[in-house]
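What follows is a set of notes on a single structure, which appears directly below.
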Amino acid sequence: MTNMKKNFLTTVLALGAVVSLAQTPPQPTVLKVDPVHSVIEFSVRHLVSKVTGNFTGFSGTITVPDPAKPELSSVTFSIEAASIDTRIADRDKHLRSADFFDVTKYPDISFVSTKIVSKGNNLYDVTGLFTMHGVTKEITLPVTYDGRIKDPWGHERAGFSLKTSLNRKDYGIVWNKTLDQGGLMLGDDVEISIDIEAVVS
């Protein structure tokens with residue numbers, strides 16, 4: 001084979017490799033929620049004060065196809081309803097019953113994103129389908145991106161946080177008790193605070 005033919009073949013192969021690389025989409029980054037370093041908390045009015053609690057069992061995945069275009073990302077999240085913890089065993093048992101979460105019939109609370117819109121300054125409106133107590137509604141969550149860092153063991157971690165409120169009656173959780181002097185024992189609006197630490201898998 002002449003040098004001219006060799007050079008031509010080398011050029012063709014090099015061009016083919018460049019085209020192949022250009023046509024191969026980058027692999028998305030997948031972050032998995034670290035439940036050990038994440039918190040889901042809630043509070044609801046009880047008489048003249050508030051009851052607070054959290055969920056200890058949950059998992060989630062954040063898929064980022066292109067870091068430069070976070071609006072293309074997606075989120076899935078699932079909470080084990082039976083993992084509710086208000087630090088009072090009898091109250092937690094009541095919350096797991098058919099009066100409230102009915103965890104035997106509805107074991108999971110879930111969220112699946114459908115749209116993400118950047119609001120600037122690391123703030124995002126994350127819209128998706130939220131399912132609780134067998135009822136699914138579209139909601140928009142105000143999420144703050146708290147940054148990304150490499151931990152001492154070389155793992156990439158990212159932080160996210162949000163505060164929002166939900167009306168429990170919208171999801172068929174309606175139990176209450178009328179007080180002798182009037183009024184109701186429990187409020188309807190539940191304040192929710194979530195702090196997430198996710199690890200690149």
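Every number in this text was worked out from the coordinates using simple rules, so none of it is lab data. For clarity, every value in this text was computed on a predicted model and none was experimentally measured. All Cβ positions, glycine included, derive from the backbone under ideal geometry; neighbour counts span all protein chains shown.
Structure notes:
- Geometric extent, Cα atoms of the chain - Rg, Dmax (angstrom): 24.0, 102
- In degrees, nearest ten, helix 3-23 long axis to first principal axis of the chain (Cα): 10 degrees
- Remark on Asp102: its backbone amide H falls under 5 Å from those of Ser97, a criterion applied only to residues 5 or more positions apart or on other chains, H modelled at 1.01 Å from N.
- Loop sites in segment 129-201: chymotrypsin sites (Phe, Trp or Tyr not before Pro), DSSP, at most 10 other Cβ within 10 Å: Trp153
- Paramagnetic reach from Glu191 in segment 135-177 [backbone N under 15 Å; point 7 Å along Cα→Cβ]: 162-167
- Its Cα centre serving as origin, segment 81-201 has a Cβ charge dipole (Lys and Arg +1, Asp and Glu -1) of approximately 140 debye.
- With contacts taken as Cα pairs under 8 Å and at least 6 residues apart, the chain reaches a relative contact order of 22 percent.
- Reciprocal mean inverse distance between Cα atoms of segment 23-103 - Kirkwood radius, Å: 15.3 Å
- Model label sites at Thr76 and Leu184, defined 7 Å from Cα along the beta-carbon direction, differ in position by 3.5 nm.
- Kirkwood Rh in Å, taken over segment 91-201 so that all alpha-carbon pairs contribute: 16.6 Å
- Linear extension gain, Asn121 paired with Thr29, 0.36 nm per residue minus alpha-carbon span: 31.0 nm
- Amide H contacts of Asp146 (H built 1.01 Å from N, under 5 Å, at least 5 apart or other chain): Gly159, Phe160, Ser161
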